[in-house]
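Down below is the structure, laid out as structure tokens.
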Amino acid sequence: MTGGRIGSCGKSEHHNIVTEFEVPISEVFDMSKYKKSIDGKYPALATYDDYQRHLDAEGGGVVKLCMTHIFKTCSTESLLPDEISEDKFHQILLESEGNFVLNLESYFRDKHATRFKKLCTLLGVNVNINEMSNVPLPFHPKHIKFVDELLQRANMTDDNFSAIHWRAERPRMDFMKCARVVADAKHAMVQEMRYRKKKEGNHKFLLLSSLNEDTAKMWKGSRSMVGRKNSETMRQALDHLRLDNGFVKIDDLLIGQKLVDSGMLAVYDLIISAKAWDFATCSRGGKKGCWKEVARKLCEECNHVGKFGRLANTYRSQNAEQRGSSWECWPMPKNTTTVVEGGNAMQPFFSE
């Protein structure tokens with residue numbers, strides 16, 4: 001992010017994506033309630049452009065704090081929060097006549113929440129760290145509407161489709177083996193639907209994955225993991241899921257659509273995962289579905305286990321009563337024997 005605008009590291013010519021750092025945060029998330037004034041004077045949140053105009057008009061000092069010890073990600077004049085004492089803050093307030101800006105660089109709320117709380121204590125501001133970490137910002141209504149229109153084209157509604165997330169970005173990955181595990185996860189989810197006596201006759205399954213039959217349409221990180229040697233095997237894996245197991249891929253629904261930035265695909269995936277009846281992913285530190293070691297091993301073998309899974313299930317928890325199950329490791333069907341890396345056959349199980 002720079003200048004109050006975000007951009008993806010996966011620059012691509014696909015979907016006519018040609019620029020970086022051109023998407024204002026307020027166009028990704030619904031920030032309307034945060035833009036309202038709390039004290040009758042200033043809003044809780046201002047756009048970067050409004051902030052810059054105010055800074056230019058009012059003057060005042062800028063204090064830059066680096067929220068990580070990795071200084072190469074911060075500007076040279078930035079300080080660590082531990083280097084700012086209460087006396088130092090009072091000195092800054094006096095010199096700037098109360099009008100100064102705290103510029104937090106390289107701040108990730110999951111990693112640096114404790115540091116941020118200490119900083120707020122110095123400023124006399126109360127912060128609930130758990131609330132900061134567990135309540136995600138809602139997406140802008142226009143993105144919800146866009147996803148709804150995509151799903152309607154495939155005759156999907158909130159209760160007649162489920163989704164499986166596969167971030168296939170691991171070196172030397174066996175694409176066909178992992179595709180079969182994804183297909184098994186679908187069958188496990190169908191088994192649970194039958195157990196819950198939910199009609200699965202017209203139920204569809206969406207595959208949320210960075211893989212694409214046309215490698216030119218993949219972001220560079222995923223494309224580099226596939227490489228030229230594995231591109232054909234990757235296509236066979238996708239055919240196994242789409243043609244043999246009936247998966248619908250989000251890319252199929254996006255044909256002809258223009259995206260401002262390739263990072264918007266992740267936004268759409270998160271909205272879809274929140275809307276899906278059942279959802280399975282591989283989540284860092286996951287619990288549900290991970291109670292057997294084989295499930296966790298398969299996730300690690302077939303995925304780059306990042307933050308997406310945890311974030312997706314956080315969004316799902318906002319409307320948990322209107323959804324089915326949320327797995328943090330891929331479930332496995334009954335009467336299935338899976339061989340994990342190392343060659344040891346595991347006993348059949350159905351993970352819930």
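The values are calculated or read from the model by the stated rules, or taken from the named source; none is laboratory data. The structure presented is a predicted model; accordingly, all values stated were derived computationally and were not measured. Methodologically, a virtual Cβ is constructed for each residue, glycine included, from the backbone with ideal geometry; neighbour enumeration extends over all protein chains shown. SASA here: full protein model, heavy atoms, side chains in, ligands and nucleic acids out. Shrake-Rupley method; radii C 1.70, N 1.55, O 1.52, S 1.80 Å.
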When you look at I92, is it at pLDDT below 75, open to solvent by less than 70 Å² (accessible area, probe 1.4 Å), of a type in the set (V, I, T) and farther than 30 Å from H140 by Cα, yes or no? yes
The range 210-240, subset modelled with pLDDT of 80 or more and either under 29 Å from V28 (Cβ atoms) or among the β-branched types (V, I, T) (or both), residue surrounded by the most Cβ atoms within 10 Å (Cβ to Cβ): L211
Go through the range 266-290 and give me each residue that's part of a helix (DSSP H, G or I) and not hydroxyl-bearing (S, T, Y). A266, V267, D269, L270, I271, I272, A274, K275
With criteria (1) farther than 13 Å from R167 by Cα; (2) in contact with a helix residue (DSSP H, G or I) (Cβ under 8 Å, 6 or more places away or on another chain); (3) at pLDDT 90 or above, W330 comes up short on (1)
Scan the range 267-292 residue by residue and report those that are touching a residue at least 60 places away in the same chain (Cβ under 8 Å) and either open to solvent by 20 Å² or more (accessible area, probe 1.4 Å) or farther than 28 Å from E321 by Cβ (or both). D269, K275, W277, K288, W291
Search result, residues across the range 186-208 that are at pLDDT below 90 and in contact with a Lys or Arg (Cβ under 7 Å, 6 or more places away or on another chain): Q191, E200
In the range 291-321, which residues are farther than 21 Å from V267 by Cα, assigned to a helix (DSSP H, G or I) and either modelled with pLDDT under 85 or among the aliphatic types (A, V, I, L, M) (or both)? E293, V294, A295, L298, E321
Search result, residues across the range 147-170 that are in contact with a strand residue (DSSP E or B) (Cβ under 8 Å, 6 or more places away or on another chain) and open to solvent by less than 10 Å² (accessible area, probe 1.4 Å): L151, M156, F161, S162, A163, I164, W166, A168
